[in-house]
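Before any comments, here is the structure.
The values are calculated or read from the model by the stated rules, or taken from the named source; none is laboratory data. Source: prediction; values computed, not measured. Here the Cβ positions follow ideal geometry from the backbone for every residue, glycine too, while neighbour counts run over all protein chains shown. Note: areas computed on protein heavy atoms with side chains; ligands, DNA, RNA excluded. Shrake-Rupley method; radii C 1.70, N 1.55, O 1.52, S 1.80 Å.
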Amino acid sequence: MTTTLTRPLDATARPGKVTLLRVLRSEWIKLRTVRSTSVTLLIAVAAMVGLGMLVTHLRAGDLNARELAHFNGAELSLSMFRPAQLAVGVLGVLMFTGEYSTGLIRATLTAVPRRLPMLAAKAAVFTGVVLVLMTAASFAAFFGGQSVLSSAHPHLAMNLSDPGVARVVFGTGLYLTVVGLLGVALGAIIRSSAGAIATLVGILLVLPGLGALLPADWAQHIDPYLPSNAGRAVLSVVPDPAMAPWTGLSLFAGYVAALLGIAAWLLKRRDA
């Protein structure tokens, strides 16, 4: 004779409700345990710091008199924000599309049926991680680049206290964070990695090129207000008269906020 002991499977489980703090914690666990996170962030930091120092060394030693008149050591040392923006943008896209491609989004939406806290938690966790890391990378790229200039071309090196330099260094981290949030919004709206990444590249790289093809009278009224052009206004040591630095970054952030609003609206109305 055998005796079967029965006990509810969840006897040791502690009941609890879904709170924003718990949703934030779950998104943090998902972000840090996915391999693509460390790979893309490593690429972004390597591009900013490593390639930035290499380009500074190569470029500063090959300047003619005309180029020297317009040379800016701070902007050159941070010029590798271009490849870095693609890395953080792709990571933002994968925050959503990775879950749709694996089917994990169904479990996520079952656990967080109100859905919007999930979007807010993803955006908040992503912002915290990328802002800290990209700001640190910007400062590292700046000081690394200036150390290269100081050793070979001391008269070209700049200090953080020079006019506009601190704003550009800190603004580079902010700009890259907003680009990453643009990827998050596109991933939530389009749901496809290929489609969202293609749209991201189009906004960052293709759209400014198309703006340059416009007639001059049109371009001066349109180019400064394109998303990436507006955001990059904060990356110029000498402000562009067509767009003030912080106004441009705020306009870029406004575009991204509008896309996140569309993503929230769609998230409430579409099936998983």
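Can you run phi through the Karplus equation (6.51, -1.76, 1.60; θ = phi - 60°) for region 86-93 and list ³J(HN,Hα) in whole Hz, with x for Gly and Pro?
5, 5, 6, x, 5, 4, x, 4
How large is ³J(HN,Hα) for each residue in region 47-62, as worked out from phi by the Karplus curve 6.51 cos²θ - 1.76 cosθ + 1.60 (θ = phi - 60°), to whole Hz, x for Gly and Pro?
3J(HN,Hα) across region 47-62, in whole Hz: 5, 4, 8, x, 5, x, 5, 5, 5, 4, 5, 6, 6, 5, x, 9.
Would you work out what percent of the accessible area of the chain, with all protein chains in place, is carbon or sulfur (probe 1.4 Å)?
On the chain, the fraction of accessible area on carbon and sulfur atoms equals 66 percent.
If you project the alpha carbons of region 95-187 onto their three principal axes, what span does each projection cover, largest first, in Å?
Taking max minus min along each principal axis of the Cα atoms, region 95-187 gives 60, 23, 17 Å.
Using θ = phi - 60° and the Karplus form 6.51 cos²θ - 1.76 cosθ + 1.60, what ³J(HN,Hα) does each residue of region 253-264 get, whole Hz, x for Gly and Pro?
Per residue, the Karplus-derived 3J(HN,Hα) values read 4, x, 4, 5, 4, 5, 5, 5, x, 5, 4, 5 Hz.
For the chain, what is the accessible area per residue in Å², given a 1.4 Å probe and the full set of protein chains?
Dividing the accessible area of the chain by its residue count gives 53 Å².
How big, on average over all directions, is the shadow cast by the Cα convex hull of region 199-272, in nm²? Don't skip to the answer; put the middle values down first.
Working: hull surface 24.2 nm².
Quarter of the Cα hull surface area: 6.0 nm².
Can you give the angle from 0 to 90° between the axis of helix 35-45 and the longest principal axis of the chain, with both taken from C-alpha atoms, to the nearest 10?
It works out to around 10 degrees.
Quick one, what does Rg over Rh come out to for the chain if you take C-alpha atoms and the Kirkwood Rh?
Rounded to two decimals, Rg over Rh is 1.10.
Using the Cβ atoms and a cut-off under 14 Å, what net charge is assigned to the surroundings of SER192, where Lys and Arg are +1 and Asp and Glu are -1?
+1
Helix 20-33 versus the longest principal axis of the chain: what angle, 0 to 90°, nearest 10, using Cα atoms?
Its long axis makes an angle of about 70 degrees.
Just the accessible area for SER161, please: 1.4 Å probe, Å², rounded to the nearest 10?
100
Over the chain, what relative contact order in percent results from Cα pairs under 8 Å that are six or more residues apart?
Over the chain, the number comes to 22 percent.
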